[in-house]
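J.: Take this structure, written in structure tokens, and hold onto it; I'll ask about it next.
The values are calculated or read from the model by the stated rules, or taken from the named source; none is laboratory data. Worth saying up front: this structure is predicted, and the values here are computed from it rather than measured. Neighbour counts run over all protein chains shown; Cβ positions are idealised from the backbone, glycine included.
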Protein chains: 2
Amino acid sequence: MSFAPDPAFAAGSIAAAEWPLCHVRLQDDARFPWLVLIPRRPGLVELEDLDPATRAALMEEVVRAGALVRRLAPEPVDKLNVAALGNVTAQLHVHVVGRRRDDGLWPDPVWGRPGARPLEAEERARRLALIGAEAGALVRDGAG
Amino acid sequence: MSFAPDPAFAAGSIAAAEWPLCHVRLQDDARFPWLVLIPRRPGLVELEDLDPATRAALMEEVVRAGALVRRLAPEPVDKLNVAALGNVTAQLHVHVVGRRRDDGLWPDPVWGRPGARPLEAEERARRLALIGAEAGALVRDGAG
């Protein structure tokens, strides 16, 4: 069995990068800077399905995603929201979302609420370029 | 500056255990088996405020909490929901919630929704005893 992201992710997000552990997707929602990390291992559902070293690597990619989400955001992020839910799509994945007090949903969580606003082409391209440049910079620095 | 849990946590949860890293609270809501982990370090807001080794320790306590949540649940858990949000109470904390397809909110997240139902005294005592027994078992096994 090999890894593939659940096809359900394609409805709301765009493949953006491959990090050492995770397939990284950009959520297609202009309201929030939002990445989804999917560990590239088949058959995962819960965090406990990963061994401790891989869980630690996932945590580090979550922190990396948080820093990147801050750079994707058109305006400063007030709080990062990190969650592994999986009630809709069971394949293990972690959301990293930048929230602002004026984002329209604050302080409620972003999941299970209507109102997603697809990214316009220019903004989508800007975000994807930032994600690609971040990965490239890490490779050049020898950390990727 | 020393650690203390934000007083806001007292409104919806009960101090239940002290693990190596986290102050552990039982959410006072009969609808869900639900623990809240608060790393016992002052001044934390985001995961990035912890060093990598401590983040890995937090991840391991999240997994430990997931196993315990499954044991607290009166009926089998279908999915664990893990989240570090902090939009309401900024002090870094991680929710670990056991969800069932018939829990009334599925597949929506539990946060930002009304309807909490305080634990009856007997059920609260049962859950607290299980949490205490789990910590005791780990100490006896030399893993705590």
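J.: Residue by residue through region A:71-83, note down the ones that are within 16 Å of A:L26 (Cα to Cα) and in contact with a Leu (Cβ under 8 Å, 6 or more places away or on another chain). Full working, then the answer.
T.: Of the residues in region A:71-83, the ones within 16 Å of A:L26 (Cα to Cα) are A:71-74, A:80-83.
Selection gives A:R71, A:L72, A:L80, A:N81, A:V82, A:A83.
J.: Right, here's the next one. Output yes when any residue across region B:131-142 is within 16 Å of B:L26 (Cβ to Cβ), of a type in the set (A, V, I, L, M, F, W, C) and either in contact with an Asp or Glu (Cβ under 6 Å, 6 or more places away or on another chain) or outside any helix (DSSP H, G or I) (or both), and no when none is.
T.: no
J.: Next up: Residues B:V45, B:V24, B:V62, B:V88: which one is surrounded by 17 or more Cβ atoms within 10 Å (Cβ to Cβ) and either without any contact (Cβ under 8 Å) to a residue 60 or more places away in the chain or within 12 Å of another protein chain (Cβ to nearest Cβ) (or both)?
T.: Values: B:V45 fails: surrounded by 17 or more Cβ atoms within 10 Å (Cβ to Cβ); B:V24 fails: either without any contact (Cβ under 8 Å) to a residue 60 or more places away in the chain or within 12 Å of another protein chain (Cβ to nearest Cβ) (or both); B:V88 fails: surrounded by 17 or more Cβ atoms within 10 Å (Cβ to Cβ).
Going through B:V45, B:V24, B:V62, B:V88 in turn, the sole match is B:V62.
J.: Given (1) under 13 Å from the mean Cα position of the chain (by Cα); (2) buried (at least 19 other Cβ atoms within 10 Å of the Cβ), identify the lone condition not met by A:D29.
T.: The number of the failed condition is (2).
J.: Next question, about the same structure. Taking the condition buried (at least 22 other Cβ atoms within 10 Å of the Cβ), assigned to a strand (DSSP E or B) and β-branched (V, I, T), does A:V96 pass?
T.: Answer is yes for this residue.
J.: Here's something else I'd like to know. Looking only at region B:48-59, count every residue that is surrounded by fewer than 17 Cβ atoms within 10 Å (Cβ to Cβ) and in a loop (DSSP other than H, G, I, E, B) and tell me the total.
T.: 1
To keep it simple, each residue is scored yes or no on (1) in contact with a helix residue (DSSP H, G or I) (Cβ under 8 Å, 6 or more places away or on another chain); (2) closer than 20 Å to B:F3 by Cβ; (3) of a type outside the set (V, I, T).
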{"site": "B:L37", "(1), (2), (3)": "yes, yes, yes"}
{"site": "B:R40", "(1), (2), (3)": "no, yes, yes"}
{"site": "B:E48", "(1), (2), (3)": "yes, yes, yes"}
{"site": "B:L58", "(1), (2), (3)": "yes, yes, yes"}
{"site": "B:V62", "(1), (2), (3)": "yes, yes, no"}
{"site": "B:G66", "(1), (2), (3)": "yes, no, yes"}
{"site": "B:L72", "(1), (2), (3)": "yes, no, yes"}
{"site": "B:V77", "(1), (2), (3)": "yes, no, no"}
{"site": "B:V82", "(1), (2), (3)": "yes, no, no"}
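J.: Right, something else. Can you report the number of residues in region A:127-144 which are within 17 Å of the chain's Cα centre (by Cα) and loosely packed, with under 14 Cβ neighbours inside 10 Å? Talk me through it step by step, then tell me what you get.
T.: The first filter runs over region A:127-144 and keeps only residues within 17 Å of the chain's Cα centre (by Cα), leaving A:127-135.
Next cut, loosely packed, with under 14 Cβ neighbours inside 10 Å only: A:129, A:132-133.
Residues meeting the conditions: 3.
J.: If you don't mind, there's one more thing I want to ask. So, in region A:113-125, exactly how many residues are free of Cβ contacts under 8 Å to residues at least 24 places away in the same chain and either surrounded by 14 or more Cβ atoms within 10 Å (Cβ to Cβ) or in a loop (DSSP other than H, G, I, E, B) (or both)?
T.: Counting residues in region A:113-125 that are free of Cβ contacts under 8 Å to residues at least 24 places away in the same chain and either surrounded by 14 or more Cβ atoms within 10 Å (Cβ to Cβ) or in a loop (DSSP other than H, G, I, E, B) (or both) gives 2.
J.: I would also like to ask the following. From the residues in region B:91-144 that are closer than 17 Å to A:W111 by Cβ and in contact with a Gly (Cβ under 6 Å, 6 or more places away or on another chain), which one is farthest from the other protein chains (Cβ to nearest Cβ)?
T.: Ranking the qualifying residues of region B:91-144, first place goes to B:V96.
J.: Separate question: Please state which one of B:V110, B:V82 is modelled with pLDDT of 95 or more, crowded, with 22+ Cβ neighbours inside 10 Å, within 17 Å of the chain's Cα centre (by Cα) and in a strand (DSSP E or B).
T.: Details: B:V110 fails: in a strand (DSSP E or B).
Going through B:V110, B:V82 in turn, the sole match is B:V82.
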